[in-house]
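The numbers here are math on the coordinates, done by the rules we state, and not lab data. This structure is a prediction, so every number in the text was calculated from the model and none was measured. All Cβ positions, glycine included, derive from the backbone under ideal geometry; neighbour counts span all protein chains shown.
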Amino acid sequence: MVPLLDPTRQYQQLKDELDAAALAVLSSGQFILGPFVERFETAAVQTLGVRHALGVANGTDALLLALRAAGVGPGDEVIVPPFTFIATAEVVSLLGATPVFADIEAQTFNINPAAIEAAITPRTKAIIPVHLYGHPAQMKEIKAIAAKHQLFLLEDAAQAWGATLDIDGQTHHCGAIGDAAGFSFYPTKNLGACGEGGLVTFADDAHADTCRALRNHGQSRRYIHDLIGYNSRLQAMQAALLQVKMAHVDEGNQRRRDIAAQYSKALQGTALIAPSEKPGAYHVYHQYTLRVSDGSARRDAITAKLTEAGIGWAIYYPVPLHQQPVYQDLGYAQGAFPVAEQAAAEVLSLPIFPELRDDEVESVIKVLLSA
Ligand SMILES: *Cc1c(COP(=O)(O)O)cnc(C)c1O
């Protein structure tokens, strides 16, 4: 038995620190926003190297509030990859704007800069690259496109806490490269809360001010409401627990990379294709996602074997967004985004989390190679 993820192991390792943090919140009586959230935001600003960081209710809201702060609304188009979690496009639709898909590149599963450029129209207002599976998107090229066309650049960094990218000799954290970024602290993420949580970062002071109001019913001062906003406040309990976990996430990401290296070494010379890393990209392996290149029947055979052996696996994501029922009205044909469609048919994610033991990695490899 090897679980895809086992959050109880991290708790056992950090139990003393996490228990103390939780008790401190309970005895403080300050449960929503407040000093615990402010301390966490300050730590995030320092860790990521961003100008502003605001705790919000979840990662979806982080993206939503960033777009709202940038003024995205009805009539606008926002370019997103078709191969990602639904939230990336959902937030665009929630604001009455239209998601416009641009295909991914085969090597990293991330949005293809050339496809972005081809999808730009006079209505385009923003671009949301996703650092999928923890591999940084091609931000140097995408930033240049955003600058050239004056588009708001929002990073979906939900899967990429701790990932970095070298641009012109300088190392940047994912989430600190665009105009804004959304992080998710869903419990399965590399930095995961014990419940829901999210963070939105901004380079611009005015955007941050707007978002600060938006997350709390559009109020600028107590009971003075300048905007129609949201109830999207980070809970103190989550902030306090996240602050503990934040100190351990780099070490956890390093361990994820060790595990990934073991998997990739084992896949050499097989028909299974290991994920790749671009030069200058520090991949944090939120997922270890390989490709089964010889068709989904072969993938079905492998997953059946894994299931039989009690090994966790997942397919992120089986249906690209342009083929989702909810987006049929956008009118994209089958074959519109061949690279994304092929990825959906080929990807397979294996167990990866910092507390996964080497003997468990070995058993995953054994079953995989015998399948
Ligand atoms: C998890 C995730 C989100 C949404 O985060 P929630 O905290 O679950 O709302 C958005 N985008 C991507 C790519 C994600 O993986």
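When Val244, Val50, Val319 are ordered from fewest to most other Cβ atoms inside 10 Å of their Cβ, what list results? Can you show the working numbers first?
Values: Val244 17, Val50 21, Val319 14.
By the 10 Å Cβ count, ascending: Val319, Val244, Val50.
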- Query: Once you put a point 7 Å from the Cα of Ala203 and another 7 Å from the Cα of Ile365, both along the Cβ direction, what distance in nm separates them?
  - Reply: 4.2 nm
- Query: How far apart, in nm, are the 7 Å Cα→Cβ label points at Thr171 and Ser220?
  - Reply: 4.1 nm
- Any residue on another chain or 5+ positions along whose placed amide H is under 5 Å from the amide H of Ile32 is listed here as Ala236
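Taking the Cβ-Cβ separation of Gln254 and Lys148 as r and a Förster radius of 56 Å, what is the calculated FRET efficiency to the nearest 0.05?
Computed FRET efficiency for Gln254 and Lys148: 0.95.
I need to check one value: relative contact order of the chain, counting alpha carbon pairs closer than 8 Å and at least 6 residues apart, in percent. Working shown, then result.
Working: 768 pairs, mean separation 81.3, N = 371.
Value for the chain: 22 percent.
Determine the relative contact order of the range 89-141: mean sequence separation of Cα pairs under 8 Å and six or more apart, normalised by residue count, in whole percent.
Numbers: 42 pairs, mean separation 15.5, N = 53.
Relative contact order comes out at 29 percent.
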- As a percent rounded to 5, the proportion of antiparallel DSSP bridges among beta bridges in the chain is 65 percent
- Task: Would you work out the relative contact order for the range 249-370, in percent, from Cα pairs under 8 angstrom that are 6 or more residues apart?
- Result: 35 percent
- Query: Among Ser27, Ser184, which comes first, then next, by fewest other beta-carbon atoms within 10 Å?
  - Reply: Ser27, Ser184
- Note on the structure: Counting only DSSP beta bridges fully inside the range 5-134, the antiparallel percentage to nearest 5 is 10 percent
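Among Tyr230, Tyr11, which comes first, second and so on when ranked by fewest other beta-carbon atoms within 10 Å?
Numbers: Tyr230 17, Tyr11 14.
Ranking Tyr230, Tyr11 by Cβ neighbours within 10 Å, fewest first, gives Tyr11, Tyr230.
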- Is there a pair in Lys125/Lys148; Lys140/Lys189; Lys189/Lys265; Lys15/Lys245 whose C-alpha atoms are over 21 Å apart, and which pairs would that be? Lys140/Lys189; Lys189/Lys265
- Query: At a Förster distance of 30 Å, what's the computed FRET efficiency of Ala43 paired with Gln324, Cβ-Cβ distance as r, to 0.05?
  - Reply: 0.25
- Query: What residue among Ser93, Ser264, Ser28 has the largest mean-square fluctuation in a Gaussian network model of the chain, using Cα springs under 10 Å?
  - Reply: Ser28
- Message: Going by amide H atoms built from the backbone, whose H comes under 5 Å of the H on Phe101, apart from near neighbours?
- Response: Val80
- Query: In whole Å, what is the distance between the alpha-carbon centres of the range 55-83 and the range 241-310?
  - Reply: 29 Å
- Note on the structure: Candidates Gln46, Gln170, Gln254; GNM for the chain (alpha-carbon contacts under 10 Å) flags as most fluctuating Gln170
- Can you run phi through the Karplus equation (6.51, -1.76, 1.60; θ = phi - 60°) for the range 87-101 and list ³J(HN,Hα) in whole Hz, with x for Gly and Pro? 4, 4, 8, 4, 5, 5, 5, 4, 8, x, 8, 10, x, 10, 8
